[in-house]
Amino acid sequence: MAWFSKKPRLIAPADLDVDEKQRSRMQGLWAKCEACDEIVYRQEVEKILNVCPACGYHMAWPARTRLAAVLDPGSFQELDSNLAPQDAIGFVDSKRYRDRLKSTAKAVGETDAFISGVGRIEGHQVSIGCFVFEFMGGSMGSVVGEKVTRVFERAHDQNCSAVIFSASGGARMQEGIFSLMQLAKTSAALARFRSVRKPYISIMLHPTTGGVAASFAWLGDVILAEPKALIGFAGPRVIEQTIRQKLPEGFQRSEFLLDHGMIDAIVQRKDLRQKLGQLLGLMG
Ligand SMILES: [Zn+2]
């Protein structure tokens with residue numbers, strides 16, 4: 001699990017002769033594009049929604065910033081923020097799950113890997129949620145599953161559309177069977193929501209994998225994705241080892257999935273709010 005919680009390393013330009021203290025300050029100022037290795041000024045990139053100015057790569061984008069950018073200004077009302085995870089099975093790996101939860105909450109500033117609530121997109125009422133990938137790789141435990149369920153239940157009760165941004169490594173293994181049960185629970189809540197005949201728009205971010213891809217993320221009436229997002233159930237390495245074949249170029253990336261009819265559209269981050277408004281207007 002360790003690689004899920006790793007934050008992108010920020011690299012200061014190597015040719016600058018700076019001492020350690022200054023270097024750590026520099027690391028906060030500069031970010032390195034994972035795709036093209038371009039060193040970019042963090043403030044400038046934030047202005048253009050964390051998209052690399054050199055190659056257009058969509059870098060990680062904080063969940064709260066994303067929600068604020070997509071929703072009508074001031075319309076977001078966060079709900080269920082009182083839900084906090086429990087260590088139901090007393091799980092211990094390299095450290096105790098309860099300690100991991102505490103330290104992750106402190107480092108990330110969220111109680112679990114999902115933010116949910118209600119708001120409006122271009123005037124359309126939505127029940128909305130977004131994964132926090134920084135929190136244990138956006139893994140889905142009982143709290144994430146419950147919050148996703150409530151997104152659909154609220155959309156059902158308020159007769160409005162549902163929108164979910166997914167970015168997840170899958171089920172949270174530290175919660176064992178309680179984590180796996182969330183696949184069925186969220187899918188059942190979505191099935192009940194269908195009776196109000198409002199759209200559920202699923203937006204898959206980089207990466208959307210495992211139990212999240214295998215449940216509600218791929219059950220959207222409309223499925224959108226960000227460019228070059230890794231989307232799939234098992235990772236490409238696991239599949240290659242299992243089938244003993246080399247996978248085709250671009251396998252499990254948004255562009256490949258669009259070509260094969262698995263998603264409906266790839267939307268640039270800057271166009272997403274307008275695209276969602278358009279879809280909700282047509283279908284909501
Ligand atoms: Zn780049």
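No value in this document is a laboratory result; all are computed from the given coordinates. Not measured: the values here are computed from a predicted model. Glycine gets a Cβ as well: all are built from the backbone with ideal geometry, and neighbour counts include every protein chain shown.
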Once region 190-241 is represented by equal point scatterers at the alpha-carbon sites, with solvent omitted, what log10 I(q)/I(0) does the Debye formula produce at q = 0.18 Å⁻¹? -0.62
Once Lys and Arg get +1 and Asp and Glu get -1 on their Cβ, which of 90, 36, 145 lies farthest toward the positive end of the dipole of the chain? 90
In angstroms, what radius of gyration and Dmax does region 65-202 have, counting Cα atoms only? 15.1, 47
Provide the per-residue ³J(HN,Hα) series for region 129-139, in order, calculated from phi with Karplus coefficients 6.51, -1.76, 1.60 and θ = phi - 60°, each as a whole number of Hz, with x at glycine and proline positions. x, 9, 6, 10, 5, 5, 8, 6, x, x, 6
Note the count of lysine pairs whose C-alpha atoms are less than 27 angstrom apart in region 167-284, limited to pairs 8 or more residues apart or on different chains. 6
To the nearest 20 debye, what is the magnitude of the charge dipole of the chain about its Cα centre, counting +1 on the Cβ of each Lys and Arg and -1 on the Cβ of each Asp and Glu? 460
Over the Cα atoms, compute the radius of gyration (one decimal) and Dmax (the largest Cα-Cα distance, rounded to a whole number) for region 185-284, in Å. 14.9, 46
Just the Kirkwood number for region 120-260, please: inverse of mean 1/r across all distinct Cα pairs, in Å, one decimal. 15.5
Estimated dipole of region 32-171 in Debye, rounded to 20 [Cβ of Lys and Arg +1, of Asp and Glu -1, Cα centre]: 320
Student exercise, region 94-139 dipole from Lys, Arg, Asp, Glu Cβ charges, in Debye to nearest 20: 360
Find the Cα radius of gyration of region 227-284, compare it with 2.2 N^0.38 Å by division, and give the number to two decimals. 1.46
Rounded to the nearest whole Å³, what is the per residue volume of the convex hull around the Cα atoms of the chain? 153
